[in-house]
Each structure stands twice: as C-alpha cells, then as structure tokens.
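The values are calculated or read from the model by the stated rules, or taken from the named source; none is laboratory data. Computed from a predicted structure; not experimentally measured. FYI the Cβ positions are ideal-geometry reconstructions off the backbone, even for glycines, and counts take in every protein chain you see. Protein only, heavy atoms only, side chains kept; ligands, DNA and RNA dropped before computing areas. Shrake-Rupley method; radii C 1.70, N 1.55, O 1.52, S 1.80 Å.
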Amino acid sequence: MGKELLLGEEKANKSEIFFTHSAFKQCPTSLFRLPEVATLKQGDRRIYRSEGYFILLWVMGGEHIIGDEKQTLQTNSGNHIYLVPMGGFLSLESTTSGLTCLSMRFHPSTHLCLGECPDQTSQDRGKKRKHSCRKKLNQPCVMRSMPMSSGVELWGKTVGLYLKFPHIDVNVFDIKLQEFFLLLRLDYTRQMAEEFLRFYHCKNTGFRTKVFHLGYSNATIDELGQHFKLSPTTLKRMFVEEFGLSPQKWMMQQKCRYIYNDILQQELTLQDIVKRYGFSSISYLCQFCRKNFGYTPQQIRKSNRLPAYEQH
C-alpha cells in the first residue's frame, strides 16, 4: 500500500510540472495534434497527405523508399527528415524491419520561421526584404528532404520519451517543434536549411501571418476581402496558393481548432463556448463535436488527451 501511494505521488508530481508551469499552459502556436510514432516492418507502407497544414517526418532506422504523387521513387538509407508542404503527398515504404517514423502536423507560425524568407541572405538584413521564395501557381510545392544531424537524432529521442508520458499535452510538443526549427539553424548550413524550408514560407508576402493573426472569424468572404483589401476572387486564389484550401474550408478548420482548444483548456464553461461561437444551445455544440471530433465536449475534457482536430 505504501509503495502504491509513493508511485501515485510521483505521478502527480510529474503531472504538476506540466500543468502548473506557465510555459506549458499557453495554447499551441503551430502544432494542432500530438506527434505520432509508427514502427514499420519490411514491406510496410504508409501514406502522408497534407491539406491545409504541413507535415514533418523523421525516419530513423534503415533503408526506405520515398515516393511522391507522380510515383517518383527514391531510395534513402540512414536517418532522414522530410517536409511535406500544404497539399503535398508522400509515400513511405520500409525495406528493412524496425524502421521508426515520427510525424508532426502543424500550421505556419512566425514562432517557427521568425518571418524570414528562406532566400534572404545576411547582406539583405536591414534592407527592404525581397521575398524571392514567391512562386507562380504552376510551380508546385514538392516534398523536401535532408539527412538527420546528430543533434536532431537526440532531439527525436526526447520527443519519443515524452510521448511515453500520458499527462504531456500538445503544448509541450509545440515547444519541441520550435526547438527543432532552431536546430535547423544551428546544425545545418544556411543553404541547406533554406533549401529544406523553401516551400514552407509564404508565396504571397506576409499573407499567412496576416491570416493567422486574424484568428477565428465568422466573417463572410466579402468581409474578409474588405479586411485584407482584396477582391473575393484574389482572396480565394491566395488562400488556395497558401493553404491548399478555399477560404470557407480553411475557416471551418480554424473554427474546429479553436473550439477544441477552448474545450480542452477548461477555462470556459460549455455555455460560454456556445455564446462565443454562435451555437443556439449546448445540444448543438455536442452535435458539432461528435461530427468533427468523434467525441462530446464532456468526453474531450475528461480524457484531456484526445487527438486534436484534423481536417480531411
């Protein structure tokens, strides 16, 4: 009995570290669901398709075959990192047993890129910024890859360790994602980091930052166009270029994300959430949650660790 009490106290102390420290109480800025770890046997194949978000994939443990939407195949050995851009596709096939894959799905954020264009050189700092990463519509974003440094390998092991603790939430892994972007700047040459992040940065200067700073909005397309001083046609085109989604689909995705986070944080009552997002009753909020998350608000709050919303 005494030993069980000590174990219970130890678990409570570990939970307290993550639930009371101010750094872990902030809402995630980029990551919107827990990282996933998969172990592949020889011949196993997984598909990663992104829509309205980015996917980072860390592959460790041996030889594997990577494919894109055009079925272009490439065999890599050793540990590699892959970035799947918005609207991108990646297939992964293991040619050895015991291949480990760590994946994170996230939205663009100034916390990650610091607003820097990947082609900006040190000589450009202080001058008028040139966003030479801007691309035409007919130039598709493609999957980027590079070998994994020893620092990133160590980083990946800490993420895997954190995933073993059920009380660690998305906030902690959001901080780890920021740490990874810092490692890109420390462990790799500037040229390698820029090339890897080429399709992460804006095609239309500052548009993603402006949209995400807007936060959740019930605005119509015309109202959004007035806010950004763009015509509805231009607004729709820029949303598709940047997010791979129409404005309507993107705003629904954000609504789900904000509602999920408000439920999970437990700082608002369900009635407060009903008023904030324009539901007519708690019953309609429950219907919305079942449809989009697969759980009721009460179930989400009780578990405190259900996967966050992902738009398919």
Of the numbered conditions (1) among the small types (Gly, Ala, Ser); (2) at pLDDT below 85; (3) open to solvent by less than 20 Å² (accessible area, probe 1.4 Å), GLY244 satisfies every one except a single condition; which is it?
(3)
Residue in segment 117-130 that is at pLDDT 80 or above and not acidic (Asp, Glu) present:
no
Output for segment 32-62, where each listed residue is open to solvent by less than 20 Å² (accessible area, probe 1.4 Å) and either among the β-branched types (Val, Ile, Thr) or on the phi > 0 side of the Ramachandran plot (or both)
GLY52, ILE55, VAL59, GLY62
Among the residues of segment 247-269, what is the count of those that are over 24 Å from PHE199 (Cβ atoms) and surrounded by 19 or more Cβ atoms within 10 Å (Cβ to Cβ)?
6
Among the listed residues LYS176, LYS236, LYS229, identify the single one that is surrounded by fewer than 19 Cβ atoms within 10 Å (Cβ to Cβ) and within 23 Å of GLU36 (Cβ to Cβ).
LYS176
Look at GLY88 and say whether it is touching a residue at least 12 places away in the same chain (Cβ under 8 Å) and within 23 Å of GLY244 (Cβ to Cβ).
yes
From the option list LEU197, LEU183, single residue qualifying as open to solvent by 20 Å² or more (accessible area, probe 1.4 Å), under 30 Å from PRO147 (Cβ atoms) and not charged (D, E, K, R) is LEU183
Filtered residues of segment 275-294 (kept if aromatic (Phe, Trp, Tyr) and open to solvent by 90 Å² or more (accessible area, probe 1.4 Å)):
TYR284
Where ARG134 falls short, out of the listed (1) open to solvent by less than 40 Å² (accessible area, probe 1.4 Å); (2) at pLDDT below 80; (3) in a loop (DSSP other than H, G, I, E, B):
(1)
Here, strands (runs of 3 or more DSSP E) confined to segment 21-97 with at least 1 residues that are among the charged types (D, E, K, R), out of contact with any His (no Cβ under 6 Å at 6 or more places or on another chain) and at pLDDT below 90 are 45-49
